Each structure stands twice: as C-alpha cells, then as structure tokens.
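Since the structure comes first, as structure tokens, the remarks are kept for the end.
Only the coordinates and a few stated rules stand behind these numbers; no lab work does. On a predicted model such as this, the values are computed, not experimentally measured, just so you know. Every residue, glycine among them, receives a Cβ derived from its backbone with ideal geometry; neighbour counts consider all protein chains shown.
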Amino acid sequence: MEIREDLKYTKEHEWLRLEGDSAYVGITDFAQGELGEIVYVEVDTVGEEIEKDEVFGTIEAVKTTSDLFIPVSGTILEFNPQLDENDGDQPDLVNSDPYGEGWIVKIQLSDPSQLDELMDHAAYSDLVS
C-alpha cells in the first residue's frame, strides 16, 4: 500500500494534491484496495461550490457504491475525463494509478486554511495501520 508524502489525506480516505490555488482530489491506494475493482465514477457537481466534507460524487465497485467527500471547500472545476463514461470510460485507473491518472476532480479552493485540518503522511499511515 502506497502512502505518498506529498499529499494531504482525510479520514474518509480521500487525498488532495495542491497545485497553486487549485488542487486535485482522489481516493487513496488503501481505499481503492478496500473497494476492489472500480467500475464507475460519477461526479455531477462540476461548476458547483461544495463545502468541506460534503458529497461531491460516488464511486462504484463490483460489490459496493461509496460516496466521495470533498476534503476542503471549493468549486469543482473538472471531473477527470479519463474516468467519465462519456469520454475516456476508464474507471479502473483509480485502481491502477490512484495518485496519478486516477485523480477524480480538480477544485478551486475557497478557504486554503482548511488544508491545515487534513492529515499528513504520518497521521494517515497511523490511521490505516
């Protein structure tokens, strides 16, 4: 199980990678392993302002469907086109590359101070061990 040091994490197993005043969000390697084979990702909140910890989409595996929670408040700028069934239709990228090509949304942060509330590598490692 990979836990990268350059990311921030939530107790719901989402990760966030900051790039300027926007960020990429996905689910962790631990989460994708627990869910199993990802067959569908739905995000219908592009363009919407979402508050921290609100649901921004769902992820469906062979055995279950789970809500996706936004780690910080912000506007959903983009849904990864490679995961979208209307574009790339490759939801399995969440399994094969959860921290890279398997990112789920790009967001514009509205309150960067909320980043301080997220877990770092060490804290997330403790949570999942």
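At a glance:
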| read-out | value |
| --- | --- |
| Most mobile of TYR24, TYR99, TYR40 in a GNM of the chain (Cα contacts under 10 Å) | TYR40 |
| Whole-angstrom gap from the stretch 1-46 to the stretch 65-108, using each part's C-alpha centre | 8 |
| Among 9-18, 25-34, the order from most to least packed when residues are scored by Cβ within 10 Å on average | 25-34, 9-18 |
| Added length on full extension, which subtracts the Cα-Cα distance from 0.36 nm per residue, GLU12 to SER113 | 34.4 nm |
| Candidate lysines for bridging to LYS8, where Cα separation is under 21 Å - those fewer than 8 sequence places away on the same chain excluded | LYS52, LYS106 |
| Cα-based Rg and Dmax for the stretch 1-124, where Dmax is the largest Cα-Cα distance (Å) | 13.1, 38 |
| Listed residues SER96, SER113, SER66, most fluctuating in the chain (Gaussian network, C-alpha, under 10 Å) | SER113 |
